[in-house]
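The values are calculated or read from the model by the stated rules, or taken from the named source; none is laboratory data. Quantities reported herein were computed from a predicted structural model and do not represent experimental measurements. All Cβ positions, even for glycine, are placed from backbone atoms using ideal geometry, and neighbour counts span all protein chains on display.
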Amino acid sequence: MNLSFWEKEMAAEVCDVLITGVGIVGLSTALELKLAAPSLKIRLIDRGILPSGGSTKNAGFACFGSLSELADDFETMPENEVFRLVKKRFDGLQNLRKILGDDAIEYSACGGYELFRTGNDNSLKRSLAILPKMNEFMLELCGVSAVYSDASHQIDSFGFNEVGQLILNKLEGSIHTGKMMNALRCKVQELGVDILMGIGITGIGLQNEMWEIASSQNLKFRAKQVVIATNAFASQLIPELKVVPGRAQVLVTSPIPDLKVKGTFHLDEGYFYFRNVGNRILLGGGRHLFRQAETTYEQEITREVQETLEDLLQRVIIPETNYSIDHRWAGTLGLGENRFPIVKQLEPGLFAGVKMGGMGVAIGSLIGKELSGMVLQNR
Ligand SMILES: Cc1cc2nc3c(=O)[nH]c(=O)nc-3n(C[C@H](O)[C@H](O)[C@H](O)COP(=O)(O)OP(=O)(O)OC[C@H]3O[C@@H](n4cnc5c(N)ncnc54)[C@H](O)[C@@H]3O)c2cc1C
């Protein structure tokens, strides 16, 4: 493609902050920067025509921790670190709701349930063992008592099969992922942030105290400060950022008349998750059963994972129900050796906020706030 004089001129115009990645983290960083310093010239760049990582592909769970996952964490992390993680997710969700408003993101306080399969006594026992201390922690954090409770009496009303016990987290909920991202993008654009899609960043280097950013379209950009918000793809640009991609596959059923399943649900330590979207079921997960194949940047769906999801749907979630599968897709998670995100200054004027794991909806807006604080402090 031959670029015009005008296109090259506009790209070469120095901006104060260039952010790569138009996911929840990149957009939240831009929003926070503009709110704190309206005169900043900010440019957001993404290689997808639409955001192409997790932010528009996710399941829309507004969740901060199911007990079996937390029980695992308590065994591998110091107790205060586990509490810090839960607080970050909880605060992040409050922040997202405050910034965008519940109507705009279609927030539903539907509750988050964890299913324990009949016979999975070990996981249940470990989860029940931490229930009192999690309730104590949540009471201190937000003043609500008995956040986690036994909800096994609801198993039949949901119509589940092979499920022995149910635990409810009454403060969890769901959002409409597409509406959340739309609301965030509109807010950022209203504040005058330049968003360029379909341009892949291929290199970032410092020249005469200015960051020079090379792109796949041969456009060269210049910026005083740069934020990497490319999550799973971060080490493609900066190898020292140890982020490993994890493909996460999802399916959505056709509408099911009189669907009994309402809310957000986790199963098998969070490796499977499902919720209702109106009268459809959205189901995702299964990556843990095909770990090697699912450690990939590819976003093609696979027969193996999709069949695993369909089997679970038919046997456990909506047995003896007629439906078809209307939608299937995959997104990419940014994973690493622990559950904490990487949020730091890499070099003077170069920042990263990546490795959001499976909780970017919960923590993304707060990470944007942290990154914006770092950028402003180091101007
Ligand atoms: C299927 C699925 C279900 C999920 N469910 C939930 C959930 O229910 N609740 C929850 O809290 N979290 C969930 N997550 C996780 C959550 O979606 C992510 O943690 C979050 O979206 C990460 O946001 P981000 O802004 O850091 O990165 P992303 O949204 O991944 O954005 C990164 C962007 O960087 C762009 N990019 C990459 N490389 C380059 C480059 N070189 N140049 C330019 N642009 C580049 C990509 O195109 C992408 O748009 C889920 C994720 C998936 C995939």
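Some observations on this one:
- Y107 being surrounded by 21 or more Cβ atoms within 10 Å (Cβ to Cβ), out of contact with any Leu (no Cβ under 8 Å at 6 or more places or on another chain) and among the aromatic types (F, W, Y): yes
- The one condition from (1) at pLDDT 95 or above; (2) within 29 Å of S235 (Cα to Cα) that R280 does not meet is (2).
- When the stretch 238-271 is limited to residues that are in contact (Cβ under 8 Å) with a residue 24 or more places away in the chain and in contact with a His (Cβ under 7 Å, 6 or more places away or on another chain), the one that is surrounded by the fewest Cβ atoms within 10 Å (Cβ to Cβ) turns out to be V252.
- Number of the condition not met by W211 [criteria: (1) in contact (Cβ under 8 Å) with a residue 60 or more places away in the chain; (2) among the aromatic types (F, W, Y); (3) assigned by TED's automatic domain parsing to the domain that holds F83]: (3)
- Tally of residues being more than 8 Å from the ligand (Cβ to nearest atom) and under 16 Å from L241 (Cα atoms) across the stretch 321-336: 2
- Helices (runs of 4 or more DSSP H) fully within the stretch 1-92 that include at least 2 residues being within 11 Å of the ligand (Cβ to nearest atom): 24-36.
- Identification of helices (runs of 4 or more DSSP H) wholly contained in the stretch 264-379 with 2 or more residues that are aliphatic (A, V, I, L, M) and under 29 Å from K170 (Cα atoms) yields 303-312, 360-377.
- So R43, is it surrounded by 15 or more Cβ atoms within 10 Å (Cβ to Cβ), closer than 21 Å to G357 by Cα and touching a strand residue (DSSP E or B) at 6+ places or on another chain (Cβ under 8 Å): no
- Test for R275: is it touching a helix residue (DSSP H, G or I) at 6+ places or on another chain (Cβ under 6 Å) and either free of Cβ contacts under 8 Å to residues at least 40 places away in the same chain or more than 30 Å from E347 (Cβ to Cβ) (or both): no
- Evaluation of F272 against (1) away from the ligand (no atom under 14 Å from the Cβ); (2) over 26 Å from G21 (Cα atoms) (one fails), failing number: (1)
- Looking only at the stretch 136-175, and only at residues there that are surrounded by 18 or more Cβ atoms within 10 Å (Cβ to Cβ) and in contact with a Lys or Arg (Cβ under 7 Å, 6 or more places away or on another chain), the one that is nearest to R315 (Cα to Cα): V163
- As a summary of the residue check, V261 satisfies the conditions (1) within 11 Å of the ligand (Cβ to nearest atom); (2) more than 21 Å from E298 (Cβ to Cβ); (3) in contact with a Gly (Cβ under 8 Å, 6 or more places away or on another chain) except for the one numbered (1).
- Each residue in the stretch 337-359 was checked for being in contact with a strand residue (DSSP E or B) (Cβ under 8 Å, 6 or more places away or on another chain) and near the ligand (Cβ under 9 Å from one of its atoms), and 7 pass.
- Filter result (free of Cβ contacts under 8 Å to residues at least 40 places away in the same chain and in contact with a strand residue (DSSP E or B) (Cβ under 7 Å, 6 or more places away or on another chain)) within the stretch 26-40: L40
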